[in-house]
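What follows is calculated from the coordinates using simple rules that are stated; it is not laboratory data. Values in this document were obtained by computation on a predicted structure and should not be read as measured data. FYI the Cβ positions are ideal-geometry reconstructions off the backbone, even for glycines, and counts take in every protein chain you see.
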Amino acid sequence: MFELIIRKANLPDGRIGVDIAVKDKKIAAIEPQINAAAETEIDATGRLVAPPFVDPHFHMDATLSLGLPRLNVSGTLLEGISLWGELRPLLTKEALVERALRYCDLAVSQGLLFIRSHVDTSDPRLVTVEAMIEVREKVKPYIDLQLVAFPQDGYYRAEGGVESLNHALDMGLDIVGGIPHFERTMEDGRASVEALCRIAADRGLPVDMHCDETDDPMSRHIETLAAQTVRFGLQGRVAGSHLTSMHSMDNYYVSKLIPLMAEAQINVIPNPLINIMLQGRHDTYPKRRGMTRVRELMDAGLNVSFGHDCVMDPWYSMGSGDMLEVGHMAIHVAQMAGIADKGRIFDAITVNSAKTMGLKDYGLAKGCNADFVILQAADPIEALRLKPTRLYVIRRGKVIAQSKPRITELLLDGRPATVDSGRDFVPRT
């Protein structure tokens, strides 16, 4: 007797109509047909069953704060940072926790069960850190939440920034963050990368830095990050987020940079929605869109994963917690519209992101955790195109969210018709 069997499931790797059996919260079998009983059975009816979505780059301490204390009129990155500076002294632990938990509810409804959030450590009160640690514990039964100590105003630039970041790590944050391009000088940025990598090596922690989130092609802190990764033996445990300056760099320089990044096994995290919204703001036309060189990085063997970054906060007034929306945008901006390309994009919001976060027992194989999302779509390509309803969200073999299929009844000149938004099929009589 199994705890759960999902029948007639399509998998992201192309297998069609298979059964998935769950026992002891793990995947016990994936076979064309499992002749056994289960306490619960779900008929996927040829729809896509995927591992849950993973967001390796988010700011949960800022989420859902849109309009507090005012709106970002220009919509720029720098005004967003300034606005966050106005809001920060007004933050309370209770409000931070309440907004974050509301977002986590939204995330579960979207099949998003793994999130890495950067937590601002520039305010010496560290109320953001206290709040996000509480949230991490509260959501542990259904979301794995990793927390990055992030010196939003600069590790060296912010008054007391060095002490605050170290205190945040002492309080229990999981990852060392940084923002070298926001230091006062390029040299300060370089020095911050070295210091932060040293801290990570000494503490045995991973690194995830906002790196070169600018249109300036001379912002080359990713080079320093890769070199320091090798120096401190942190290969595979370091992520460079954004990397938008690479969009504008000289091709010859990039031809040397990417192999250095590959040697350091850097995890790359572009944020398609935010990158194209915030970059190129000083341009007239042609206007740069700013997202880093996704195809070239993937082709070089680097692990590329996509983050949502923001939802309704000082930097981004939109967002839905839907990683398929992130992937959908990436297809357009990276110009990766081929069939194989779309498969790589789907990987970037699932298995690649799981690798970035160092998740264990993630995926669709025997012995992996029984975590799934069943979508109203037949395959990853259709899922990226339609951003369909999440019919079931399953955590350790237990359904934690479900929705009815989206079916529309049309009344067209007396000819009854229905549209199943997942199957893209319109039967007519």
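Quick look at the values:
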{"quantity": "GluC sites (Glu not before Pro) within the range 136-217, DSSP loop, no more than 14 other Cβ atoms inside 10 Å", "calculated": "Glu159"}
{"quantity": "Nearest-ten-degree value, helix 251-263 long axis tilted from longest Cα axis of the chain", "calculated": "70"}
{"quantity": "The range 79-104 residues near the modelled Asp216 label - backbone nitrogen below 16 Å, point 7 Å along Cα→Cβ", "calculated": "79"}
{"quantity": "Restricting the range 4-64 to trypsin sites (Lys or Arg not before Pro) in coil, as DSSP defines it, with at most 14 other Cβ within 10 Å", "calculated": "Arg15"}
{"quantity": "Helix-derived mean residue ellipticity, 222 nm - over the chain, DSSP H n ≥ 4, -39500 (n - 2.57), to 500", "calculated": "-10000 deg cm²/dmol"}
{"quantity": "Lys, Arg +1 and Asp, Glu -1 on Cβ, resulting dipole of the range 53-356 about Cα centre, debye, nearest 20", "calculated": "500"}
{"quantity": "Cross-link table Lys23/Lys140; Lys25/Lys138; Lys23/Lys355; Lys138/Lys355; Lys342/Lys387, entries beyond 18 Å C-alpha to C-alpha", "calculated": "Lys23/Lys140; Lys25/Lys138; Lys23/Lys355; Lys138/Lys355"}
{"quantity": "Rel. contact order, % - alpha carbon contacts under 8 angstrom, at least six apart, the range 338-401", "calculated": "28"}
{"quantity": "Placed amide H near Gln152: partners under 5 Å, 5+ positions off or other chain", "calculated": "Thr121, Ser122"}
{"quantity": "Residues His282, His167, His328, sorted so that the one with the fewest Cβ neighbours within 10 Å comes first", "calculated": "His282, His167, His328"}
{"quantity": "Given charges at beta-carbon only (K, R positive; D, E negative), |dipole| of the range 296-429 in Debye", "calculated": "600"}
{"quantity": "Rounded to 10°, Cα long-axis angle of helix 161-171 versus longest principal axis of the chain", "calculated": "40"}
{"quantity": "Highest average packing first - 304-312, 261-269, Cβ atoms within 10 Å", "calculated": "304-312, 261-269"}
{"quantity": "DSSP-defined antiparallel bridges as percent of all bridges, the chain, nearest 5", "calculated": "45"}
{"quantity": "Between 0 and 90°, nearest 10: helix 323-333 axis offset from the chain longest Cα axis", "calculated": "70"}
{"quantity": "Separation between Cα centres of the range 104-172 and the range 361-391, rounded to whole Å", "calculated": "28"}
{"quantity": "Estimated vicinal HN-Hα couplings, Hz - the range 132-142 in sequence order (Karplus 6.51, -1.76, 1.60; Gly, Pro = x)", "calculated": "6, 5, 5, 4, 3, 6, 5, 8, 3, x, 9"}
{"quantity": "Sequence-separation-based contact order of the range 53-356, relative, with Cα cut under 8 Å and 6+ spacing, percent", "calculated": "20"}
{"quantity": "Whole-Hz couplings from phi, Karplus 6.51/-1.76/1.60, listed for the range 35-40; x for Gly and Pro", "calculated": "8, 7, 9, 8, 4, 9"}
{"quantity": "Residues Lys360, Lys93, Lys387, sorted so that the one with the fewest Cβ neighbours within 10 Å comes first", "calculated": "Lys360, Lys93, Lys387"}
{"quantity": "Distance (nanometres) between label positions extended 7 Å along Cα→Cβ at Asp13 and Ala340", "calculated": "1.9"}
{"quantity": "Placed amide H near Ile42: partners under 5 Å, 5+ positions off or other chain", "calculated": "Ile5, Ile6, Arg7"}
